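What follows is a set of notes on a single structure, which appears directly below.
The values are calculated or read from the model by the stated rules, or taken from the named source; none is laboratory data. Keep in mind that this is a model prediction, so the values were computed, not measured. As a convention, Cβ positions derive from the backbone with ideal geometry for all residues, glycine included, and neighbour counts pool all protein chains shown.
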Amino acid sequence: MKRLVILISGRGSNMEAIVKACAAEGWPAEVAAVISNRPDAGGLQFAAAHGIPTAVVDHKVYASREAFDAELARVIDGFSPDLVVLAGFMRILTPGFTARYARRMLNIHPSLLPAFTGLHTHERAIEMGCKLAGVTVHFVTAELDHGAIVMQAAVPVLPGDDAKALSARVLTAEHCIYPQSVRWFVEEALVWSGERVHHRDGAAQHVLLG
């Protein structure tokens, strides 16, 4: 039974998708805790309502990023996780933190990496005239929005799209591939080949939606 710790900063819609899929599909896993850096994160209420332990490590009370990460790691490790899942966790993590959870921490980013790392991905995709946008699930490394890609989903950029419309379409894709990616980890279906990851049975690691 794998233990998952999910980190959020807001409403936690990807966290919700993972919790629901874990229960509905009978994964050999449990969500051991949901942790937020914001006391007012809406996702904490969802977790508590589903009997999942919650914790808050408020980044505002720490003098440095290193001090915050040290306390966050202490709280995470108290739940003995096999996998740490970043689900809308809006903090840049220090190299020491990412090294601590190397190859056992996943993130989701709303672009087809390596394109459009960082913020404002939807606006930038529209400005560049992209015909496809999407989302990437990847292992976390010290380099922002890099790391081995587990799965990607592409969605069309439609005429007349603004960032809000494209974001909604991408979010639907996020809720599809993030639970799938976490399930693959739980089932030990992900195989490392150097710095790349593939599915042991050759399952498709890309989806075209919409």
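Tabulated data for the structure shown
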read-out	value
Unmet criterion (only one of (1) in contact with a helix residue (DSSP H, G or I) (Cβ under 9 Å, 6 or more places away or on another chain); (2) closer than 20 Å to Thr136 by Cα) for Pro28	(2)
Residues of the range 179-198 satisfying the condition of being assigned to a strand (DSSP E or B) and small (Gly, Ala, Ser)	Ser193
Residue selected from the range 120-144 under the condition under 18 Å from Ala173 (Cα atoms) and either aliphatic (A, V, I, L, M) or at pLDDT below 95 (or both), by the criterion farthest from the chain's Cα centre (by Cα)	Ile126
Scope the range 158-210; condition on the phi < 0 side of the Ramachandran plot and among the acidic types (Asp, Glu); matching residues	Asp161, Asp162, Glu174, Glu187, Glu195, Asp201
Selection count, the range 138-172, where residues are more than 14 Å from Pro114 (Cβ to Cβ) and in contact with a Ser or Thr (Cβ under 6 Å, 6 or more places away or on another chain)	4
Selection from the range 172-207 of residues that are in contact with a Leu (Cβ under 8 Å, 6 or more places away or on another chain) and either more than 23 Å from Ile6 (Cβ to Cβ) or loosely packed, with under 12 Cβ neighbours inside 10 Å (or both)	His198, Arg200
Among the residues listed as Asp161, Asp201, the single one being part of a loop (DSSP other than H, G, I, E, B) and in contact with a helix residue (DSSP H, G or I) (Cβ under 8 Å, 6 or more places away or on another chain)	Asp161
Matching option when the condition is small (Gly, Ala, Ser), exposed (fewer than 14 other Cβ atoms within 10 Å of the Cβ) and touching a strand residue (DSSP E or B) at 6+ places or on another chain (Cβ under 8 Å), among Ala55, Ala23, Ala48, Ala33	Ala48
Search result, residues across the range 127-168 that are over 30 Å from Tyr101 (Cβ atoms) and touching an Asp or Glu at 6+ places or on another chain (Cβ under 6 Å)	Ala163
